[in-house]
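Here's the structure we're looking at; comments come further down.
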Protein chains: 2
Amino acid sequence: MAIDPSYKTRKVITIGIVSELTGLSERQIRYYEERKLIFPERTEGGNRKYSFADVEQLIEIANKREEGIQTYEIRQEMLKAKEKRKEEDRKVRNQMLRGQINARFGIQKE
Amino acid sequence: MAIDPSYKTRKVITIGIVSELTGLSERQIRYYEERKLIFPERTEGGNRKYSFADVEQLIEIANKREEGIQTYEIRQEMLKAKEKRKEEDRKVRNQMLRGQINARFGIQKE
DNA sequence: CGTGTAAGGAATTCTGACACG
DNA sequence: CGTGTAAGGAATTCTGACACG
């Protein structure tokens, strides 16, 4: 969740390729960045770099746009989903912590 | 083995990024292609596109070059390894075929 | 053999703006 | 709001060649 240089999340694809992969115009892709729906990295020279995860994200955005959903709403949904993931993460951490405690001090029934 | 548009094998990375990822110069990367050690695709405009698998391949090549192995030898090793994979594949297919036959006509012991 | 480099040109990408709506 | 486009410039990539070794 912090150090993940995997194939899916490494930002290595230039905008032209992303355009081909998604069917979106470069204009659209840049605009969705402006609306904070996507967050490419940059090369030294300033060119955008995307990951496969970004490509998938863009395809989802394209689908929602086709349904007439506005970028602002899409952003709200994304933020909501992010909160949800955080909540899930918190629960898992608690579970694990509980597990650690039980392992050390024995299992208290009830 | 034929239709695999996965993150690992999709050719989507330009040579500049590959250079950063591998630590090799663009000159070296192009030369290894000339020596048939790597096979990028091309954009419409003629620019090279590599996959993550290519990047890994290049790193292996770089390691072997550091050991002083010549590109010709590296190519020979690659071809040998490829033959080996084909052989393995052939065996697996035979196993599966045998399985099919047994499933239909019963298992002949000995 | 393997790699660096300068050369000239072409493909790619960038930003800010105008347009339409 | 979301997208197209022309504009000018900068970053990226391409090929073929010369150099060294």
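Just to check your reading of the model, which residue among A:I59, A:I38 is in contact with a helix residue (DSSP H, G or I) (Cβ under 9 Å, 6 or more places away or on another chain), of a type in the set (A, V, I, L, M, F, W, C), under 30 Å from B:T14 (Cβ atoms) and in a helix (DSSP H, G or I)? Just one listed residue meets the conditions, A:I59.
Can you confirm whether A:R65 is part of a helix (DSSP H, G or I) and more than 15 Å from the chain's Cα centre (by Cα)? So that I can check it myself, show each step before the final result.
Numbers: part of a helix (DSSP H, G or I): yes; more than 15 Å from the chain's Cα centre (by Cα): yes.
Answer is yes for this residue.
How many of the residues making up the stretch B:50-64 are surrounded by 20 or more Cβ atoms within 10 Å (Cβ to Cβ) and of a type outside the set (A, V, I, L, M, F, W, C)?
Looking only at the stretch B:50-64, we keep the residues that are surrounded by 20 or more Cβ atoms within 10 Å (Cβ to Cβ), and these are B:50-52, B:54-55, B:58, B:61.
Now narrow it down to the ones that are of a type outside the set (A, V, I, L, M, F, W, C): B:50-51, B:54.
Number satisfying all stated conditions: 3.
If you go through the stretch A:16-25 and keep only what is of a type outside the set (S, T, Y) and either surrounded by 14 or more Cβ atoms within 10 Å (Cβ to Cβ) or within 14 Å of another protein chain (Cβ to nearest Cβ) (or both), you end up with A:G16, A:I17, A:V18, A:E20, A:L21, A:L24. When A:R75 is tested against (1) in contact (Cβ under 8 Å) with a residue 12 or more places away in the chain; (2) within 30 Å of B:G16 (Cα to Cα); (3) in a helix (DSSP H, G or I), just one condition goes unmet, and that condition is (2). For A:E44, state whether it is in a loop (DSSP other than H, G, I, E, B), among the acidic types (D, E) and within 14 Å of chain B (Cβ to nearest Cβ). Yes: the conditions hold for A:E44. What about B:Y72, is it hydroxyl-bearing (S, T, Y), at pLDDT 95 or above and more than 30 Å from A:T43 (Cβ to Cβ)? For B:Y72, the condition - hydroxyl-bearing (S, T, Y), at pLDDT 95 or above and more than 30 Å from A:T43 (Cβ to Cβ) - is met.
Residues in the stretch B:1-20 that are near DNA strand D (Cβ under 9 Å from one of its atoms) and either in contact (Cβ under 8 Å) with a residue 40 or more places away in the chain or among the basic types (K, R) (or both): B:I13, B:V18.
Annotation note: of B:Y31, B:Y7, the sole residue that is within 14 Å of chain A (Cβ to nearest Cβ) and either more than 14 Å from the chain's Cα centre (by Cα) or within 22 Å of A:T22 (Cα to Cα) (or both) is B:Y7.
Please go through the stretch B:46-55 and give me each residue that is touching a residue at least 40 places away in the same chain (Cβ under 8 Å) and aromatic (F, W, Y), ordered by number.
B:F52
Pairs meeting the criteria (first residue in the stretch B:21-45 and in contact (Cβ under 8 Å) with a residue 40 or more places away in the chain, second residue within 11 Å of DNA strand C (Cβ to nearest atom) and of a type in the set (F, W, Y), beta carbons under 8 Å, at least 6 apart or on different chains) are B:R35/B:Y72. Could you please let me know if B:R30 is surrounded by fewer than 16 Cβ atoms within 10 Å (Cβ to Cβ), closer than 19 Å to B:K82 by Cβ and either at pLDDT below 95 or basic (K, R) (or both)? Taking the combined requirement at face value, the residue does not satisfy it.
The values are calculated or read from the model by the stated rules, or taken from the named source; none is laboratory data. This structure is a prediction, so every number in the text was calculated from the model and none was measured. All Cβ positions, glycine included, derive from the backbone under ideal geometry; neighbour counts span all protein chains shown.
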